[in-house]
Structure formats: structure tokens, C-alpha cells
């Protein structure tokens, strides 16, 4: 779409750009003056976005810390369970089913 606009209006855009730059030059300004004004007018929105971004980064960092803590806790529990299984402590032993009370089919 942008290419179509440039193709259709390219020469007009170039001419308008030259006129604007000439007007700015007459008052001792350049394109950076337009950029600076746009930033100044958007500063409130930019500040809100910056605050929101900082808040989201903080939430992400807290979530990652929780995930790390959960992983460490899980690893500890697995090591403890592994030790009990290897030592045979605290592990329920399954007995083979007894033949008493069963009838042959």
C-alpha cells in the first residue's frame, strides 16, 4: 500500500517535503525540530508506556523467580524421594495377590 501511495504521489510528496524544509530553513530549523515537537507532544503517552513497560518487566521478573523457586523445590523433593526409594524406606511394598478366597474359573 505504501509503495502504491509513493508511486502515485511520489513527486508531490517530494515537492511538499522540499517546501516544508525551505520554510523550516527560513526560521533556522530543520527536520529534527518536527521530530522534537512530535516527541514533546507525545511525552505524556510515552511516559505512561514507559511506566507500563517497567511494571510488566517487574511482573515478569517476579514470575520467573517463582518458577525458579518451584523448580528448586521440586528438585529437592525428587532427590528426597529418590533417596527413600533407593534405601527402601517409606515406600509401600506391594504383596502378590493371595490365592485365598479366589475360586478358579
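Conditions tested, residue by residue: (1) touching a helix residue (DSSP H, G or I) at 6+ places or on another chain (Cβ under 7 Å); (2) loosely packed, with under 10 Cβ neighbours inside 10 Å.
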{"site": "10", "(1), (2)": "no, no"}
{"site": "16", "(1), (2)": "no, no"}
{"site": "20", "(1), (2)": "no, no"}
{"site": "24", "(1), (2)": "yes, no"}
{"site": "29", "(1), (2)": "no, no"}
{"site": "39", "(1), (2)": "no, no"}
{"site": "44", "(1), (2)": "no, yes"}
{"site": "50", "(1), (2)": "no, no"}
{"site": "53", "(1), (2)": "no, no"}
*asked:* Being surrounded by 10 or more Cβ atoms within 10 Å (Cβ to Cβ), modelled with pLDDT under 95 and on the phi > 0 side of the Ramachandran plot narrows it down to one residue among 71, 101, 90; which is it?
replied: 90
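The values are calculated or read from the model by the stated rules, or taken from the named source; none is laboratory data. Fair warning: this is a prediction, and the values are worked out from it, not measured in the lab. As a convention, Cβ positions derive from the backbone with ideal geometry for all residues, glycine included, and neighbour counts pool all protein chains shown.
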